[in-house]
Each structure stands twice: as C-alpha cells, then as structure tokens.
Amino acid sequence: QVQLVESGGGWVQPGGSLRLSCAGSGSIFSIRRAGWWRQAPGKQRELVATIYVGGNTYYEGSVKGRFTISRDNAKSMVYLQMNDLKPEDTAVYYCNTYPFQAEYWGQGTQVTVSS
C-alpha cells in the first residue's frame, strides 16, 4: 500500500521561505508524475504544481516564479521550495501522484504565513 508523508511546514512571515518534502513508499515517485496540492480553510483543495519523471514542471498561476517543484527519483522524494511566501499561501499542503489517487492522500503539512 502506498504511503505519502509530507513534512517541512511551519510558520513563516510574509516574504519568507519554506521547503516541503514528500516521501513516497514503494518507489512510487520513481515512476509516476507527482504533484503538490493545498487546501486553505473553507476552500477546496487546489493543485499547486506538478512534475514529470523527466523533470518537466507545471505551476498554478499564483505561485509561478515563487515556488519550485523538484524530485529525487532514486529516493522517491518530491520537494516544493516556496519563496516570497504570502498570507494567501496559508494552507495544508499535500503531495500525491498526478492524477491523484484518493487513497494516497496523507496528513499534509501546515504552512502558515503571517506577521
């Protein structure tokens, strides 16, 4: 059974940076396109970024130029470097394959951006 474990969230002031990590069991991220999603209070979960096995990336418009998704296929890890964070980035961040598999969702990691 696939397990995804996110880490690296926390509190940061506007303009700050965080790096999120996602560990995928069973080498899942060695062979599958991966993505990061986020869910803010009272809102639906939204796609933030994706990355193919070969490295091609996609970013949602509001994070383009600020966030960078990367992966380590050998370690089955996916990362999200978040720079110039804004209060509207506050959310629980989740990783998954892309397209997502509902049974893969983990607990997520909370990111809070405030002064």
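A few comments on the model shown:
- Highlighted here are the strands (runs of 3 or more DSSP E) found entirely within the range 1-68 that include at least 1 residues which are in contact with a helix residue (DSSP H, G or I) (Cβ under 7 Å, 6 or more places away or on another chain): 4-7, 46-51.
- Scan of the range 55-85 for residues that are touching a residue at least 40 places away in the same chain (Cβ under 8 Å), hydrophobic (A, V, I, L, M, F, W, C) and open to solvent by less than 30 Å² (accessible area, probe 1.4 Å), ordered by number: Val78, Leu80, Met82, Leu85
- Looking across the range 86-100 at every residue that is assigned to a strand (DSSP E or B) and open to solvent by less than 10 Å² (accessible area, probe 1.4 Å), the one that is farthest from Gln39 (Cα to Cα) is identified as Thr97.
- Condition met for Leu80 (at pLDDT 95 or above, over 17 Å from Val2 (Cα atoms) and part of a strand (DSSP E or B)): yes
- Of the candidates Ser25, Ser70, Ser30, the single residue that is within 14 Å of Gly106 (Cα to Cα) and either within 11 Å of the chain's Cα centre (by Cα) or of a type in the set (Ser, Thr, Tyr) (or both) is Ser25.
- Any hit, the range 1-20, residues being free of Cβ contacts under 8 Å to residues at least 60 places away in the same chain, in contact with a strand residue (DSSP E or B) (Cβ under 9 Å, 6 or more places away or on another chain) and within 13 Å of Thr97 (Cα to Cα): no
The values are calculated or read from the model by the stated rules, or taken from the named source; none is laboratory data. Note that this is a predicted model, so its numbers are computed, not measured. Note: ideal-geometry Cβ built from the backbone for every residue, glycine included; neighbour counts use all protein chains shown. Side chains are part of the model used for accessible areas, which takes the heavy atoms of the whole protein and leaves out ligands, DNA and RNA. Shrake-Rupley method; radii C 1.70, N 1.55, O 1.52, S 1.80 Å.
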